[in-house]
Amino acid sequence: MTSRDALVPGQPPTAGDSSMAHDGHARANQLDAKLARLHSLEDRIRAIRAAISGRIAFSSSLGIEDQAVTHAIAETKADIDLFTLDTGRHFPETLDTLFETEGRYGFKVRVVFPDARDVEDLVASDGIYGFRYSVDARKACCDVRKVRPLNKALAGASAWITGLRREQSVGRADVPFASYDPHLNLIKVNPIADWSLAFLEDYISTHKVPINALHAKGFPSIGCQPCTRAVLPGEDIRAGRWWWENENGKECGLHTHDQSEADAPLVTTTGHAA
Ligand code: SF4
């Protein structure tokens, strides 16, 4: 059995699995270099599918970046497990986007929900708007509504596609095209990592991709309704997400394992969730 055969996607490597991790890093580096040489998103999706055996998961937030990736997946008919997380706190416009996407491409998007008991326990403990009162409470809500459902949906996957772009925030400035995630034991792939907002908007316009109506109302990055506000002219793309927290640490935990980054200090607790 080769080290590649021994890799168990979605299962965290144990202390004795350094060769498996090494193999994961090597394959991710190869894919990273390959994607950097390709220019079209469709070619990148095909290359990802060709390079990785097993289930490739794409978790769509239904935001503009992920809508572009969804379009390319639909165009290429690549065998990719497309799903979205329904946190229970979405804007109505986000659900409209889901409905329009299914109509446009003629397939159902798998909707992953949080565990009902976890949500009940959270609300019983912290209250319906508990996430407004501390970073810990906010992260507990993101953990229950986003991180745990995502980890469940990614279990057993060989790769995870995202719509992360380097331009989105300081914390994402060094996002590679592909990297090995030792925590999830899979290859995380960011096929539009190098896209500018202008390039993205041109792609969306050219292909008439359905996008969330809130993007045209000052919401470049759309998360849960209580935690997202419109941004002002000149503000950072992600300034409207958890705007009461430190600028560099505003992640929900979906894309961070380093808690030093996620544990950004609370700047103010007065901001109400958007
Ligand atoms: S973004 Fe806000 S409402 Fe959504 S899961 Fe995180 S804390 Fe909860």
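Just so it is clear, none of the values below were taken in a lab; they were calculated from the coordinates. These numbers come from a predicted model, not from an experiment. Note: ideal-geometry Cβ built from the backbone for every residue, glycine included; neighbour counts use all protein chains shown.
Overall, segment 181-230 carries a charge dipole of about 240 debye about its Cα centre when +1 sits on the Cβ of Lys and Arg and -1 on the Cβ of Asp and Glu, all other atoms neutral. A simple spin-label model places the labels of Arg110 and Asp202 3.5 nm from each other, with each point 7 Å out along Cα-to-Cβ.
In a reduced charge model with +1 at each Lys and Arg Cβ and -1 at each Asp and Glu Cβ, segment 3-213 shows a dipole moment near 260 debye about its Cα centre. As a calculated quantity, the FRET efficiency between Glu75 and Ile237 at R0 = 30 Å, using C-beta atoms, amounts to about 0.70. Once the convex hull of all Cα atoms in segment 3-213 is built, its volume per residue stands at 138 Å³. Under 18 Å from a point placed 7 Å out from the Cα of Ala33 along the Cα-to-Cβ direction: which residues of segment 169-187 have their backbone N that close? 176-180, by backbone N distance to the label point. Listed by chain and number, the lysines whose alpha-carbon sits under 18 Å from that of Lys152, ignoring those within fewer than 8 places in the same chain, are Lys139, Lys188. Dipole orientation for segment 3-213: of the candidates Asn29, Leu41, Phe83, Asn29 has the Cα lying most toward the positive pole (charges on Cβ; Lys, Arg +1; Asp, Glu -1).
Relative to the current alpha-carbon distance between Ala173 and Glu42, full extension at 0.36 nm per residue lengthens the span by 44.8 nm.
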